[in-house]
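Colleague: Before I ask anything, let me first share the structure, which is written out below as structure tokens.
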Amino acid sequence: MAERKPEGYLEGQPLRPESLMMSYGYKPALSEGAIKCPIFQTSTFAFQSAEDGKAFFELAYGLRRRRPGEELGLIYSRLNNPDLEVLEDRLTLWDDAEAAAVFASGMAAISTTLLTFLRPGDVVLHSEPVYGGTDYLLKQVLPRLGVRVVGFRAGSSLAEAEQQLRRQGLAEKLALIFVETPANPTNALVDIAECAALARRLEGERRVLVAVDNTFLGPLWQHPLAHGADLVLYSATKYIGGHSDVIAGVCLGSKELLEQVRVLRTILGTMAGPHTGWLLLRSLETLKLRMTAQMKSARHVAEFLADHPKVSRVHYLGQLQPDDPQYAIYQRQCLAPGGMIAFEVVGGEPEAFRLLNALRLIHLAVSLGGTESLAEHPATMTHADVDPEERAELGITPAMVRLSVGVEHPEDLIADLNQALARV
């Protein structure tokens, strides 16, 4: 688990993440007393000596192990930058991770991380559905690099996936299990602890890693590392950024694994810039306030949709029933249902489009987790490049609408949905 710095304690007691978001990892005295971390908008940094430059590069390129208490010095903003270092320190607090790495986008985080740990001949077992960009990476890009990809449906038993791997002679080649839970856009859950147990059963001399895309529930409502995951991934564009004005991604995990990820991040140049880091530092200060408000409003919106005669089905974690197999996973794994809702209108694509075109307060746009509510049509937008037959099998129907609830008043959101549904 993350080793908290001295400023993370008060009278010997650890401070909570929402309190530490204002100051953790930053010393005003090093920046002319500025109460907030400045934007270090620079490409390069001056060394105090040639010996320092040598030592810094040795660590940056993984040429030697870090000595006890040694920190990577500032070299070049593709490698490290004060804004990102402070940001990465603070990001570890929510997930209780040892280390974090920030990227230029969520896909940069996922791509760099998978490329770090996969080799030709390896097998990846992944949940379905996943975000459309991730789906393309898994099924179109990785196979060209000699990586075999095997999918299993979110919500199904992992025993079937294990049998499939063994039956095809792929179990010994498994290198990584990648899951997105809740699934995008269906909100189906994957049991992270069960994935970790499967990884331990199938690993031989080489460790099988479990990586979890935690974007939908964000750092507040689900903590994959606590359930056995090795790596946690986020599109920080979403709840972490939270204002629809920044593109970024994050990977968290042990120091050992993150050092490997950082080396490839440096070579590929997928690191976020200093201004992005500064924007995310600002957003972290209100993360709990925003996500709590969004979660509470989503409960009201989901209840309205579930009772509406023109809505045939609602996919929302807060409405899982005890007799649903997903309910036990939710109770064990999630702290709250979050702010994401998927629902299906009575009819198909034309009816879904009529609803989307009639919205006035809720914006018709992709992405999620922002302060404004957003609605989109997964089948023709975010998941348009997923095979049509697969979309149908995974429950991404032409009638489905994905809704990201913002911080507006829930009664106003309900009024907008009500008037839009009246036009369906």
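Colleague: Here are a few candidate values for mean projected area of the Cα convex hull in nm²: (1) 30.3; (2) 21.9; (3) 28.7. Which one was actually calculated from the structure I just gave you?
Modeller: (2)
Colleague: In whole angstrom, note down how far apart the Cα centers of the range 135-182 and the range 265-281 are.
Modeller: A separation of 30 Å, based on Cα centres.
Colleague: Just to confirm a number: summing +1 for Lys and Arg and -1 for Asp and Glu over residues other than Y330 whose beta-carbon lies under 11 angstrom from that of Y330, what do you get?
Modeller: Residues near Y330 contribute -1 overall.
Colleague: Using helices alone, I'd like the mean residue ellipticity at 222 nm for the chain: each DSSP H run of four-plus residues gives -39500 (n - 2.57), total over residue count, nearest 500.
Modeller: -11000 deg cm²/dmol
Colleague: Which percentage, to the nearest 5, of the DSSP beta bridges contained in the chain is antiparallel?
Modeller: Of all bridge pairs located within the chain, approximately 55 percent are antiparallel.
Colleague: Report, ordered by chain and residue number, the lysines lying within cross-link reach of K238, taken as a straight Cα distance under 20 Å and ignoring same-chain residues fewer than 8 apart.
Modeller: K288, K296
Colleague: If I fit a long axis through the Cα atoms of helix 82-95 and take the longest principal axis of the Cα atoms of the chain, what angle between them do I get, 0 to 90°, rounded to 10?
Modeller: That works out to roughly 50 degrees.
Colleague: Less than 11 Å Cβ to Cβ from L145, Lys/Arg counted +1 and Asp/Glu -1: what total charge do the surrounding residues give?
Modeller: Surrounding charge for L145 is +2.
Colleague: Sticking with this structure for a sec: Ratio of Rg to Rh for the range 287-421, alpha carbon only, Kirkwood?
Modeller: 0.95
Colleague: Order these peptides, 161-171, 362-372, 406-416, by their mean beta-carbon neighbour count within 10 angstrom, highest first.
Modeller: The peptides rank, most packed first, as 362-372, 406-416, 161-171.
Colleague: Additional query: Under the Karplus relation 6.51 cos²θ - 1.76 cosθ + 1.60, θ = phi - 60°, what is the ordered set of whole-Hz ³J(HN,Hα) values for the range 339-354, x standing for Gly and Pro?
Modeller: For the range 339-354, the Karplus curve yields x, 9, 10, 10, 9, 10, 7, 5, x, x, 4, x, 5, 5, 5, 4 Hz.
Colleague: Kindly identify the range 304-370 as rounded, prolate or oblate by the Cα gyration tensor criterion: order the square roots of the eigenvalues as a ≥ b ≥ c, call it rounded if a/c is under 1.5, otherwise compare a/b with b/c, prolate if a/b is larger, else oblate.
Modeller: oblate
Colleague: Here is a follow-up. Using amide H atoms built in the peptide plane, which far-off residues or other-chain residues are under 5 Å from L176 H to H?
Modeller: When sequence neighbours closer than 5 places are left aside, the close amide H contacts are V123, L125, L209.
Colleague: Excluding residues fewer than 8 places away in the same chain, name every one of the lysines whose C-alpha is closer than 19 Å to that of K255.
Modeller: Cross-link targets: K5.
Colleague: Using only Cα atoms, tell me the angle between helix 50-60 and the longest principal axis of the chain; keep it within 0 to 90° and round to the nearest 10.
Modeller: Compared with the principal axis, the helix lies near 30 degrees.
Colleague: What is the sum of charges, Lys and Arg at +1 and Asp and Glu at -1, for the other residues whose Cβ falls under 12 Å from the Cβ of A293?
Modeller: Charge balance near A293 sits at +3.
Colleague: Would you mind working out the magnitude of the charge dipole of the chain relative to its Cα centre, with +1 at each Lys and Arg C-beta and -1 at each Asp and Glu C-beta, to the nearest 20 Debye?
Modeller: Charge dipole of the chain: 600 debye, to the nearest 20.
No lab work stands behind these numbers, since they all come straight from the coordinates. Predicted model only: the values in this text are computed from it and were never measured. Positions of Cβ are backbone-derived with ideal geometry, glycine not excepted, and every protein chain shown enters the neighbour counts.
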